[in-house]
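K.L.:
Quick one: structure below, then a few questions.
The values are calculated or read from the model by the stated rules, or taken from the named source; none is laboratory data. Small disclaimer: the values here were computed from a predicted structure and weren't measured. Backbone-built Cβ (ideal geometry, glycine too); neighbour counts: all protein chains shown.
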Amino acid sequence: MKTNHARTSRQSAKRWSLEIRSRAPLLIHPLRYEAGGDQWHGGGAQFTSANEPEWQTIAAWVQGKNAVSEATLTGTRASSLTATGNPVAGAASNTAGLKLRIVQTNMAGDNLHIIDPVNNRVVGEVIGIEANHGVAAAPDGSRLYVSNEADRTVDVVDTRTLKVFKQIPLSGPPNNISITKDGRRLYQAIHGPPYGVDVIDTATLANVKRLPLDGMQIHNTYVTPDGKYVIAASDDQTFTVAVINQKTEEPVRSIKFTNRPRPLAFHTNADGSTKWVLAGLSELHGFVVADFTTGKEIHRIKFPDLGGPVKMQKVRAATGNPNHGIGVQPDNKAVWVSDRLYNAVHAYSLPDLKYLGAVPVAVDPFWMTFTPDSKFVYVANDASASVSAIDTQSMKEVARIPVGQVPKRNITAMLP
């Protein structure tokens, strides 16, 4: 049979053209939004500019201009740990040899970064924990406990060496994690079958109990500021938050919202008991306030229209969950809430919920954590691989700190 070489060549060229076009989306997935990339990419965006040599190498490959080795395409890119912005003076204090630190998870990476809030620079890194979801710190600063989605474990980190020395198996895929005030118990959210919450004893480093919670798909757990209750927030159609007595580890009541509760925060009474639960909800461009005792919604706040382009409007992850970060200052005087549509963080006074203003940050702000003096809040920018340090008094971003890919949950801790 005679081969039609011209036709074969044309077919090959057509197939290659289709292949190139199918690869084209690869170009904008790992490029930062600010540099012309996707508005959102769950796998991270490590390139800050289309002028970076590695980016241009990939672009040339996608366009069929040259051959690129697999080693080049899959090689590890060194990340900068140098902070930009102004140093923050007086943000930290030392206690018994421990230093104030911000611990930042990186959901699309295998590392966590430790930030010094005095100079807003990364001073430590925990490596080897892939898809790290949440983190909790021992009160004495000796350990970090990290929920590891890849291995379905809680990984225990020695904070002096920053090495994992123990993995605790879980009943299912983990999400966020919380710790009691005395550091004796961990409450690990289980987001897949069998769902519920796993209870870990930190003395034995063993998974000692499972709280089934009627099969609720738990996304976040918290311990209330007074330490009396464990809060387990669902990520399913129940729209429910379970309230659990910490001493008995038995559910005592629940709070039902009108949609999926996203991150929660707590406003306290003068005696330290919990007064309100503040929650972002799916589909709500704002937040709600529920009375902790009655479980009834008492306030619904919608963010103001900031005007200008809505940068994340086309992304379902943002429009479906426009607020995915909320925190009450330690002094109980204000609540801060992330706005993924406008790449900003809003502040409201407490308890009157008076609007204080908005602070622009990088792309896709998520979780946040405060310094103990309430002077600074640190906001993880999911799509920009950075953390914004905001002066809560001047309402200005004073530093932007490069971290890992898709940073989300963060905490404040005293560490060696």
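K.L.:
Among residues belonging to the range 245-260 that are in a strand (DSSP E or B) and in contact (Cβ under 8 Å) with a residue 40 or more places away in the chain, point out the one that is farthest from residue 348 (Cα to Cα). Before the answer, list the steps.
P.N.:
Step one: filter the range 245-260 for residues in a strand (DSSP E or B), giving 245, 250-256.
So of that shortlist, the ones also in contact (Cβ under 8 Å) with a residue 40 or more places away in the chain come out as 251, 253-255.
Numbers: 251: 31, 253: 28, 254: 26, 255: 23 Å.
The extreme case among them is 251.
K.L.:
Here is a follow-up. Taking residue 168, is it assigned to a loop (DSSP other than H, G, I, E, B), crowded, with 20+ Cβ neighbours inside 10 Å and not polar (S, T, N, Q)? It would help to see each step written out before you state the result.
P.N.:
Numbers: assigned to a loop (DSSP other than H, G, I, E, B): no; crowded, with 20+ Cβ neighbours inside 10 Å: yes; not polar (S, T, N, Q): yes.
No.
K.L.:
Quick one: is residue 199 assigned to a strand (DSSP E or B) and surrounded by 14 or more Cβ atoms within 10 Å (Cβ to Cβ)?
P.N.:
Here the answer is yes, as residue 199 does meet what is asked.
K.L.:
Name the residue, out of 272, 280, that is in the same structural domain as residue 410 (by TED's automatic domain parsing), at positive phi and in contact (Cβ under 8 Å) with a residue 40 or more places away in the chain.
P.N.:
272 is the lone residue from the list that is in the same structural domain as residue 410 (by TED's automatic domain parsing), at positive phi and in contact (Cβ under 8 Å) with a residue 40 or more places away in the chain.
K.L.:
What is the one condition in (1) surrounded by fewer than 21 Cβ atoms within 10 Å (Cβ to Cβ); (2) within 18 Å of residue 321 (Cβ to Cβ) that residue 372 does not satisfy?
P.N.:
(2)
K.L.:
Pick from the range 161-219 the residues that are touching a Gly at 6+ places or on another chain (Cβ under 9 Å) and in contact (Cβ under 8 Å) with a residue 60 or more places away in the chain: which of them is nearest to residue 263 (Cα to Cα)?
P.N.:
176
K.L.:
Which one of 327, 357 is touching a Phe, Trp or Tyr at 6+ places or on another chain (Cβ under 7 Å), at pLDDT 95 or above and not β-branched (Val, Ile, Thr)?
P.N.:
Matching residue, one of 327, 357: 327.
K.L.:
From the list 361, 379, pick out the single residue that is more than 17 Å from residue 285 (Cβ to Cβ), buried (at least 20 other Cβ atoms within 10 Å of the Cβ) and in contact with a strand residue (DSSP E or B) (Cβ under 9 Å, 6 or more places away or on another chain). Working first, answer last.
P.N.:
Working: 361 fails: more than 17 Å from residue 285 (Cβ to Cβ).
When all the criteria are applied, what remains is 379.
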